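So the structure is just underneath, and the comments pick up after that.
The values are calculated or read from the model by the stated rules, or taken from the named source; none is laboratory data. Predicted model only: the values in this text are computed from it and were never measured. Every residue, glycine as well, gets a Cβ built from its backbone with ideal geometry; the counts of neighbours run over all protein chains shown. Note: accessible area is taken over every heavy atom of the protein model, side chains too, but ligands, DNA and RNA are not part of it. Shrake-Rupley method; radii C 1.70, N 1.55, O 1.52, S 1.80 Å.
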Amino acid sequence: MYKSLIRPFLFKFDPEEVHYFTFSLLKKFGFLTSLFFPKPIEDKRLEREVFGLKFKNPVGLAAGFDKDAKMFSELSDLGFGFIEIGTLTPKAQDGNPKKRLFRLKEDSAIINRMGFNNGGVDAAVERLKKNRNVLIGGNIGKNKVTPNEEAVNDYTICFEKLFPYVDYFVVNVSSPNTPNLRALQEKEPLTQLLGTLQKLNSEREKPKPILLKISPDLTDEQLLDIIDIVKETRIAGVIAANTTLSRDGLVSESKGETGGLSGKPLAKRSTEVIRFLSEKSGKAFPIIGVGGIHSADDALEKLEAGASLVQLYTGFIYEGPELIREINQKLLKNLGETLSPFLK
Ligand SMILES: Cc1cc2nc3c(=O)[nH]c(=O)nc-3n(C[C@H](O)[C@H](O)[C@H](O)COP(=O)(O)O)c2cc1C
C-alpha cells in the first residue's frame, strides 16, 4: 500500500513540505492508520531488556524525525518499539535556510542539512508531560550560537530539563550540520562532556541510561578512543551511526548537495562501525544500530554485527511503516537461530 500508492504521491512534492504534511495527516487521522497499514506485531518474544529498559520490540525511530516530540504517540501506534525525539537544543532555532532536504531516489538515500531546527527543549517538555505508552529517548545537542567551549552548558540544560520525561538520553556530537560540532568527538572534550553529564546523572536517585551517538566517518583510531571514553565515563552505550559526509558510489543528481547522507549507501559503513565497536570492546556496552536499514535483512545484519536494537529513518521514508512489521516478523521467524544470542 505505502510503496504502491502513498509513496509515489508523496514523492511528487518537496521532501520537507511532505514531512510536515504527513505529520498533520497523522495528527488528524492517525486513528485511521489501521485502514491503510496492517496492525503492528505485538509478541512477547520480541521484547528485550537493554540498558535496564524493557523494549516491546527492538525497532525504533531514529532521531530527527520527531524533533519536537509532537508525534510520538501516533508514531508508536505504527509499531515502533521506541521513539527518539530531538535533537533538542536549549533555545529554539530555525536551522539552515531552505532548501535543506534532498531525496536521492536512484540511491535510496537522503541528504539533509537541517541544522538542528527545533522549537527548544521547554516546548518539547510540555508535550512530553502527556501520557504515553512507548519508551522515549531524548537526543540532545547545542545551539548553533554556543561556542564549543561552552557546549557542556547546553547539553546540561537539556539533560536537566528532559530528565523527568524521557527514558534514555543521547548525546549528539555527530551531526555534520552544526559548524564544528563533530570536533566534540575528540577525546578530551568528549570525556569532559560525558563525564559531566554522567556525574549529574549519578547524583539522581534513579540514573537514566546515557548513550553517545557517533559519526560513521570516524577513523579506527578515533573509534578505539570512543571505546575507552565509554568505558571510562561509564555511560550506557553507543548509537552508530549518524549521517555521513562520504558521497562514494552515488549516482543521483543531488549528490553534490552539502549535508549528511543517510539511507542505503550508509548501510555498509554503519555495520562496519558496529562490528568494530562490538569486537574491539569485547561487547562491553550495548549498541543501537542505525544507518541504511531498508529491509528485514538489513536489520538482521546490524544485529548480527553486534547491535542490540535498531533504528530507522530513511528506510521508513522509502519503505513505509510496513518495514517495522517486516523486521519484527523476520525476527520472530529467526528466533532460536541466528538471533538467539541477542535476545534476552
Ligand atoms: C532529515 C534528517 C534529519 C535528521 N536529524 C537528526 C537529528 O536531529 N539528530 C540526530 O541525532 N540524527 C539526525 N538524523 C540522523 C538519523 O537519526 C540517522 O542516524 C541517520 O539518518 C542514519 O539512518 P538512516 O540511514 O536510517 O536514515 C537525521 C536524519 C535525517 C535524514
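In terms of overall dimensions, the C-alpha atoms belonging to the stretch 15-133 reach 45, 36, 29 Å along their principal axes, ordered largest to smallest.
Which value does Rg/Rh take for the stretch 160-215 over its C-alpha atoms, Rh per Kirkwood?
Values: Rg = 12.1 Å, Rh = 12.2 Å.
Ratio value, two decimals: 1.00.
Hydrodynamic estimate: the Kirkwood radius of the stretch 51-121 over Cα pairs, inserted into Stokes-Einstein at 10 °C and 1.306 mPa s, corresponds to D of 115 µm²/s. Above 14 Å, the calculated P(r) of the stretch 139-182 contains 46 percent of its Cα-Cα pairs. Calculated on the alpha-carbon coordinates, the convex hull of the stretch 78-183 measures out at 123 cubic angstrom per residue. Take the Cα coordinates of the stretch 237-298, assign each an equal point scatterer, and use the Debye formula without solvent to give log10 I(q)/I(0) at q = 0.12, 0.24 Å⁻¹. At q = 0.12, 0.24 Å⁻¹ the computed log10 ratios are -0.33, -0.99. The phi torsions of the stretch 215-232, fed into the Karplus equation with coefficients 6.51, -1.76 and 1.60 and a -60° offset, translate into couplings of 7, x, 8, 6, 7, 4, 4, 5, 5, 5, 4, 4, 4, 4, 5, 4, 5, 5 Hz, rounded to whole numbers, with Gly and Pro shown as x. Under the simplified labelling scheme, the residue 20-residue 334 pair shows an inter-label distance of 3.9 nm, with each label point 7 Å from Cα along Cα→Cβ. The Kirkwood hydrodynamic radius of the stretch 137-236, based on inverse pair distances between different Cα atoms, is 13.6 Å. So, with a 1.4 angstrom probe, what is the percent of accessible area on the chain that is carbon and sulfur? Within the chain, the accessible surface is 52 percent carbon and sulfur. Each Cα pair of the stretch 2-342 feeds into the Kirkwood radius, which the Stokes-Einstein equation turns, at 37 °C and 0.692 mPa s, into a diffusion coefficient of 164 µm²/s. Rounded to 0.05, the FRET efficiency of the residue 183 and residue 94 pair, given R0 = 22 Å and the Cβ-Cβ distance, is 0.45. Each of the peptides 319-329, 35-45, 213-223 was scored by the mean count of other Cβ atoms within 10 Å over its residues; in descending order, highest first, they stand as 319-329, 213-223, 35-45.
Distance between the 7 Å Cα→Cβ label points at residue 228 and residue 206: 3.6 nm. With the simple spin-label model, which puts each label point 7 Å out from Cα in the Cβ direction, the residue 29 to residue 150 separation comes to 4.7 nm.
In Å², what does the accessible area per residue of the stretch 2-342 work out to with a 1.4 Å probe? Write out the running numbers ahead of the final one.
Numbers: 14740 Å² over 341 residues.
Averaged over the residues of the stretch 2-342, the accessible area is 43 Å².
Based on the Cβ-Cβ distance from residue 42 to residue 1, what FRET efficiency comes out when R0 is 22 Å, to the nearest 0.05? After rounding, the FRET efficiency stands at 0.60. When you restrict to C-alpha pairs under 8 Å that are six or more residues apart and normalise by the size of the stretch 2-342, the relative contact order lands at 18 percent.
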